[in-house]
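> My questions all concern the structure below.
Derivation of every value follows stated rules applied to the coordinates shown; laboratory data play no part. The structure displayed is predicted, hence computed values, not measured ones. All Cβ positions, even for glycine, are placed from backbone atoms using ideal geometry, and neighbour counts span all protein chains on display.
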Amino acid sequence: MSSGVSESRFEQVKNRIGASSPFRKMLVGVAVFTVICVAAVAGYMAAGWELADSIYMVIITIFGVGYGEVQPIESNALRALTIVVIVSGYAAVIYTVGGFIQLLIDGELNKALGARRMTRGIERLQGHTIVCGMGRLGSILAKELHAAGKPFVAIDSTIDRLQGLEDDQGYLVIHGDATEEEVLDKAGIRRASMLATVLSQDSANVFVTITAREMNPNLVIIARGENPRTEKKLLGCGANRVVLPTAIGAQKVAQLIIRPAAEELLSQISERADMVPELKELGLEFNEVVIDASSPLVDSRISDVELKNQQGLLAVGLRRADGSCVLHPDAETVLQAGDALVFLGHVNDLPQLVKRLASGGPALTYRGVRVGNR
C-alpha cells in the first residue's frame, strides 16, 4: 500500500512539474546552481585548498559579499575558475529567482483574470438559480442543474469544495458566506428567479432565507430542513418550499418495502423522464396489486382492469413473475399469476380498490365498470 501511495505522489509531482513551466524553471535553476557550487569547491580543493576554505570562497564569490579571497589567487587557472563561478553562479541564481517571480506573477494574474471572468459570467445571468451550499446535497443538485442546462451560481464558504468546479465542471462559483448580503449580491440575487439553500445547518438556511427574501421579494426560495420542526420556521421566514431529505429518504425506503414493484418501475420511468410530477398535489398516486393464483384478475386483460376516460385506473407498468418489467403495457396484455400491476389512480379510491382487486372475492364494480371475474 505504501508503495502505491509513493508512486501516486511521485506521479502528482511529475505532472505538476511537467504542467508548470515556472516551477520547472526553478528546479532546473536550483540543480544547475548546485552543480556549479560542487564543481567550484572541487576546483579549489584541487588547487590545494581546504574544504572549508573552498566552500567559503564559493559562497562569497557567487553572492558578491566582497570579503576578499581566502587565499591569494595568483595562477591563471584559479582566476579562470573564479570568473566562471561568478558568471555561472549569478546566472543560475537569476534564472531560479526569475522562475519564482514568474510563478508568483502567473498565479496572481490567473487568479485575477479568473475572478474577472467569473464576475462577468455571473453578471450576464438573468433568471438563474443560486445554490447555497456545495456539500453532498448541493453537489448533486448542481450536477443535475448542469446536466439540464439550467444556469446557476454555486456558493460555499469552504474553498476546498469549490476547487476544480470552475475548471473541471464549468460551474460559476463564489467563495463566501451565503448569509451575507454582499455574497448574495455578487451571485446576482436581484436578477435570479430561484434560490436553493441546502446548507447542513437549519439555522444557516433560516438566515439565508431571511436575507434572500429581503433582497428579492419575488424570488422562489427552496430550503433544506433537517429537523421537521424547522419547516414551519423556514416557511414563516419566506421560503416557498421546504425539503426534508431525511423524511424523503424514509418515505422512499418505506415505498420500496410496501410497493416494491411500483418503485422499481418508477425508477425506470424517472431515468427516462426529465422530472417526476408531484402527483399527490393532483390527488393521484401510484400503487400496485400483486396477482396471486386465486385472484380474479388471472387471465384478464389490462383493458378489463383499466378504466379509461372515467378518472379511474391507468396501468403504467407490469412486472412479470419472472422479474421482467414492462413499461406502458398494451391494453390486450394478459395478466398471469405472480404478476404485479402498477397503476395510477385517485388517492382516496386506491386503498379499498387495491384490497378488492387483490382478493379472491366476487366481481368488483368500480365507477360503473365491472372488474374481476368475467
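> Would you mind counting up the charge near ALA337? Only other residues with Cβ under 10 Å from its Cβ, with Lys and Arg at +1 and Asp and Glu at -1.
Spelling it out: positives minus negatives among the neighbours equals -3.
> Grab the Cα-Cα distance for LEU235 and GLN336, subtract it from 0.36 nm times how many residues apart they are, and report the gain in nm with one decimal.
Difference between extended and current length: 31.5 nm.
> In addition: Would you mind counting up the charge near LYS232? Only other residues with Cβ under 15 Å from its Cβ, with Lys and Arg at +1 and Asp and Glu at -1.
+1
> Let me ask something else. Order these peptides, 123-130, 220-227, 48-55, by their mean beta-carbon neighbour count within 10 angstrom, highest first.
Those peptides, ordered most packed to least, come out 220-227, 123-130, 48-55.
> Modelling each spin label as a point 7 Å along the Cα-to-Cβ direction, I'd like the HIS175/THR119 distance in nm, to one decimal.
Result: 1.6 nm between the two label points.
> Sticking with the crude label model, points 7 Å out along Cα→Cβ, report the distance from ARG136 to ARG191 in nm, one decimal please.
Calculated label separation equals 3.5 nm.
> Something else now. Please list 3J(HN,Hα) in residue order for the range 49-54, calculated via the Karplus relation 6.51 cos²θ - 1.76 cosθ + 1.60 where θ = phi - 60°; whole Hz, with x for glycine and proline.
Taking θ as phi minus 60°, the curve returns 7, 6, 4, 5, 5, 5 Hz for the range 49-54.
> Evaluate the distance, in nm, between pseudo-label points positioned 7 Å from the Cα of GLN201 and of LEU27 along their respective Cα→Cβ axes.
Using points 7 Å along Cα→Cβ, the separation is 4.2 nm.
> Further question on the same structure: If you project the alpha carbons of the range 125-247 onto the principal axes, what extent comes out on each, in Å, largest first?
39, 29, 25
> Another question, if that's okay. May I ask for the net charge around VAL326, where only other residues with Cβ less than 10 Å from the Cβ of VAL326 are counted and Lys, Arg are +1 while Asp, Glu are -1? Don't jump to the answer; show the numbers that get you there.
Numbers: positive: ARG319, ARG320; negative: ASP330, ASP339.
Result for the local shell: 0.
> Then there's this: Scan around VAL298 for amide H atoms under 5 Å from its own, H built in the peptide plane at 1.01 Å from N, and keep only partners 5 or more places away or cross-chain.
Correct list: empty.
> Once the convex hull of the C-alpha atoms of the range 127-178 is built, how many Å³ does it hold per residue, rounded to a whole number?
Spread over its residues, the Cα hull of the range 127-178 gives 67 Å³ apiece.
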